[in-house]
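Working notes for the structure below.
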Amino acid sequence: MTAIGMEASGHLGVTQPRAMVSEWIKFRSLRSTWWSIGIALLISVGLGILFSALRGNDIANHGGFEQDPTALSLRGFFLAQLAAGVLGALFITGEYSTGMIRATLSAVPRRVPVWVAKIVIFAVVIFGITLVAAFVAFLGGQAVLSSYHASAEFIPGPGGGIGVIPDAGGTLHSLGVSISHPGSVRAIFGAALYMVGVGFIIRNTGGAIAALFGLLLVLPLLAQALPSSLQQDVTKYLPLLAGTAIMNTTQRGTDQLAPWTGLGVFALYVAAALGLGLYVLRRRDA
């Protein structure tokens, strides 16, 4: 058998790096990629700064308490996660709707390299972009909070929260925190890790986008129908609350998991979704 024949029959030319280059070309060529990334960036940064401005103005003028200024500036990621999830679903299911999956699996019949390439390309791009967005959202949000100086009595909160009681004779206090604030850097990196996980949590299903919304938004609402004695024990292990616990710098009682514990639970959801995706990919016809 000739070298060309051996390569054609045994696919000796297929390597993991080549599969990754192929997936990168497809990923960056999709118009939905840049729309989804742009929307995610706009929402995560814009809403983080907006929420910080609204909360800072309210505390400065009327008093109050913000338990976690860092999480406040990252709150836009709660909505931006949907854009990342939709992008992940389209990146996987799009080839089945267009029929391109036949060409992909003909070139890489072992299929595992395709699965690995999609994971690596998506994870690296989304992590890098959302990490930058998280830093911008944090710095922008804290800059806005720091622009508010309340003449008040300062209330030191647990874990460094901000709280004031308006008092004309009180000392001026800035409402923002610095990046050296305990837990801030971890929360920023955690936000990026969470966004990567959301993109992988639904795999290879025609109802991927609908399932994404149901899993992240509807399921927590349905859990509220449980008896009060069970609500806390169940909801804190759902993907949304478990994953976003990493963005908190203060422990919020027993109704939410510790940051790294929550991310670990969320990682189990992601691992299960990836494993199911690989099983389906290897078993299903193109």
Would you pick out the residues in segment 13-22 that are open to solvent by 50 Å² or more (accessible area, probe 1.4 Å) and over 23 Å from the mean Cα position of the chain (by Cα)?
Thr15, Gln16, Pro17, Arg18, Val21, Ser22
When you look at Leu212, is it open to solvent by less than 20 Å² (accessible area, probe 1.4 Å), within 29 Å of Val114 (Cα to Cα), at pLDDT below 85 and out of contact with any Phe, Trp or Tyr (no Cβ under 9 Å at 6 or more places or on another chain), yes or no?
yes
Residue among Val177, Val198, Val218 that is surrounded by fewer than 21 Cβ atoms within 10 Å (Cβ to Cβ), at pLDDT 70 or above and out of contact with any Cys (no Cβ under 8 Å at 6 or more places or on another chain)
Val218
Residues that are of a type outside the set (A, V, I, L, M, F, W, C) and crowded, with 20+ Cβ neighbours inside 10 Å, drawn from segment 23-65
Glu23, Ser36, Ser44, Gly48, Ser52, Arg55, Gly56
Scanning segment 221-246 for residues that are part of a helix (DSSP H, G or I), open to solvent by less than 30 Å² (accessible area, probe 1.4 Å) and of a type in the set (A, V, I, L, M, F, W, C) gives Ala223, Leu240, Ala242, Ala245, Ile246
Test: Leu221 is within 21 Å of Ala273 (Cα to Cα), within 21 Å of the chain's Cα centre (by Cα) and of a type in the set (A, V, I, L, M, F, W, C):
no
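The values are calculated or read from the model by the stated rules, or taken from the named source; none is laboratory data. The structure displayed is predicted, hence computed values, not measured ones. All Cβ positions, glycine included, derive from the backbone under ideal geometry; neighbour counts span all protein chains shown. Protein only, heavy atoms only, side chains kept; ligands, DNA and RNA dropped before computing areas. Shrake-Rupley method; radii C 1.70, N 1.55, O 1.52, S 1.80 Å.
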